[in-house]
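A quick write-up on the structure given underneath.
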Amino acid sequence: MDGSENKAFATYLHSSGPNSDVSAFVGRGDIGGRFFYNEDLSGFNFDRVSVPFSAFLTKLLNIEREQEAVSIYVGATNVHDLIPRFDGGNQSLLPPEGTPPLAWIGNASRVAPHFDTSDNIACVVRGARTFLLYPPEQVANLYIGPLDHNMAGQPASLVDPRAPDLAAYPKYAQAEAAAIIAELQPGDAIFIPALWWHYVESYAPFSMLINYWWSQPSTGHGLGSLAHAVMALRELPENQRKAWQVMFDHYVFNADASKAAEHIPAELQGILASPSPERDHKIKSFLQMILR
């Protein structure tokens, strides 16, 4: 796409809605579009800034003419609020009804392998993108960074898939062999199941993607449960860890786990009862009691 086409597209986006402020990720040119940690993992190699959408689009158009280009993008921004004209003319029947479309707009960028807790359909609008998808069982081979200190809410791999350092991360070779590669052009879409790790790379100086996240109703938080399990179980003696593993399988992970309390009278099943607001309130009360 040449500069005039980019300008026309930016004008279309800006004219289709109010000039709302957006949260933009901005990194120096020397990061090569890779939004990531800094060298010692204590912080990040980018800043978050709040700017009017029009100013963001102007910056995006001018980057190519600057001596030291910056890496910049706006992500996970509700299309209904930002560019309602675009949303009204580009409906998707793929996600469940009522799933809000989210916009990702920027220049060339690389997003480290991470997972989402929801199912995801991503549709490329402008600029080519590459996706690498890794099955959940590859987690041990992806060298995941801190769970509670990450770039956008979910933990991410420390490996750069474009140039993996196999001396530092030798098991990544197994993850790479198991990866699914998808090359998407404008108009293409990809489905990414919840908890599948994925790396995303965009190439164009002006790119856009729309995605849809949805999940089964839940009042829990899987990553929070994992964090609590680390505190409560990981350092126990091996025999106790194995016993708790059996317990978790019985009450949570086995196919018939929902029937684990069927021998108990329904009114006495407590936190093991079938899903309901009352059951969830009992679980929260129980957690508050034991975590004091």
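So the values come out like this:
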quantity: Matching residues, segment 59-71, being in a helix (DSSP H, G or I) and in contact (Cβ under 8 Å) with a residue 12 or more places away in the chain; calculated: K59, L60, L61, I63, E64
quantity: Verdict on A194 being over 19 Å from G33 (Cα atoms), in contact (Cβ under 8 Å) with a residue 40 or more places away in the chain and crowded, with 18+ Cβ neighbours inside 10 Å; calculated: no
quantity: Test: residue in segment 22-40 that is assigned by TED's automatic domain parsing to the domain that holds E201, hydroxyl-bearing (S, T, Y) and either part of a loop (DSSP other than H, G, I, E, B) or more than 23 Å from the chain's Cα centre (by Cα) (or both); calculated: no
quantity: Members of segment 1-50 found to be exposed (fewer than 13 other Cβ atoms within 10 Å of the Cβ), over 30 Å from G88 (Cα atoms) and aliphatic (A, V, I, L, M), listed by number; calculated: L41
quantity: Residue within segment 161-170 that is more than 30 Å from G29 (Cβ to Cβ), surrounded by fewer than 16 Cβ atoms within 10 Å (Cβ to Cβ) and touching a residue at least 60 places away in the same chain (Cβ under 8 Å) present; calculated: no
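The values are calculated or read from the model by the stated rules, or taken from the named source; none is laboratory data. Remember, predicted model here, so these are calculated numbers, not experimental data. Note that we place each Cβ from the backbone using ideal geometry, even for glycine, and neighbour counts take in every protein chain shown.
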